[in-house]
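The values are calculated or read from the model by the stated rules, or taken from the named source; none is laboratory data. Worth saying up front: this structure is predicted, and the values here are computed from it rather than measured. Glycine gets a Cβ as well: all are built from the backbone with ideal geometry, and neighbour counts include every protein chain shown. When the accessible area is computed, the model is the full protein with side chains, heavy atoms only, and any ligands, DNA or RNA have been set aside. Shrake-Rupley method; radii C 1.70, N 1.55, O 1.52, S 1.80 Å.
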Amino acid sequence: SSDCVRQLNRDKDPDERLPLASAETPMITAIDFINENVNGHMGLIHGGMTTIIAHSTMSLLAAANAHGTVVARSLNMDYRKPIRTGHFVKIHAWLYHQQDNELKAAVHFYDLDNTMLVEATSNISIS
């Protein structure tokens, strides 16, 4: 929807923005419950677990849209707000660049009030 696109594009560099409602843009949207088993500090998800979720979501999206093995070459994380355990998060990931054997992916995590919690980007190689 256009609200989702506006939310995903907020504060983004032009190359990392989700194209407007294109059916050709590979994208995953998920809802995840963050349980207490992934605490870093009491009531907060461990940053490493957040990284694993971000990396796995972008890699899954790349693997589903590439012909070959995908390998993440870089991962950049921007932790904007703490993610509380015992709550749901919305996760939106999309591919925003593909050229030859290189993909670029982005992911955002939001709470159910639509506050951005985490954003990440990854450069992915296809072999």
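On the given criteria, is GLY68 within 26 Å of SER125 (Cα to Cα) and either exposed (fewer than 15 other Cβ atoms within 10 Å of the Cβ) or of a type in the set (D, E, K, R) (or both)?
yes
Residues are listed down the side, and each one gets a yes or a no for (1) part of a strand (DSSP E or B); (2) more than 10 Å from PHE109 (Cβ to Cβ); (3) of a type in the set (Ser, Thr, Tyr); (4) open to solvent by 50 Å² or more (accessible area, probe 1.4 Å):
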| position | (1), (2), (3), (4) |
| --- | --- |
| HIS55 | no, yes, no, yes |
| SER59 | no, yes, yes, no |
| ALA64 | no, yes, no, yes |
| ALA72 | yes, yes, no, no |
| LEU75 | yes, yes, no, yes |
| ILE91 | yes, no, no, no |
| TRP94 | yes, yes, no, no |
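Has segment 103-110 got at least one residue that is under 17 Å from PHE33 (Cβ atoms) and either open to solvent by less than 40 Å² (accessible area, probe 1.4 Å) or among the aromatic types (Phe, Trp, Tyr) (or both)? Yes, segment 103-110 contains at least one residue that is under 17 Å from PHE33 (Cβ atoms) and either open to solvent by less than 40 Å² (accessible area, probe 1.4 Å) or among the aromatic types (Phe, Trp, Tyr) (or both).
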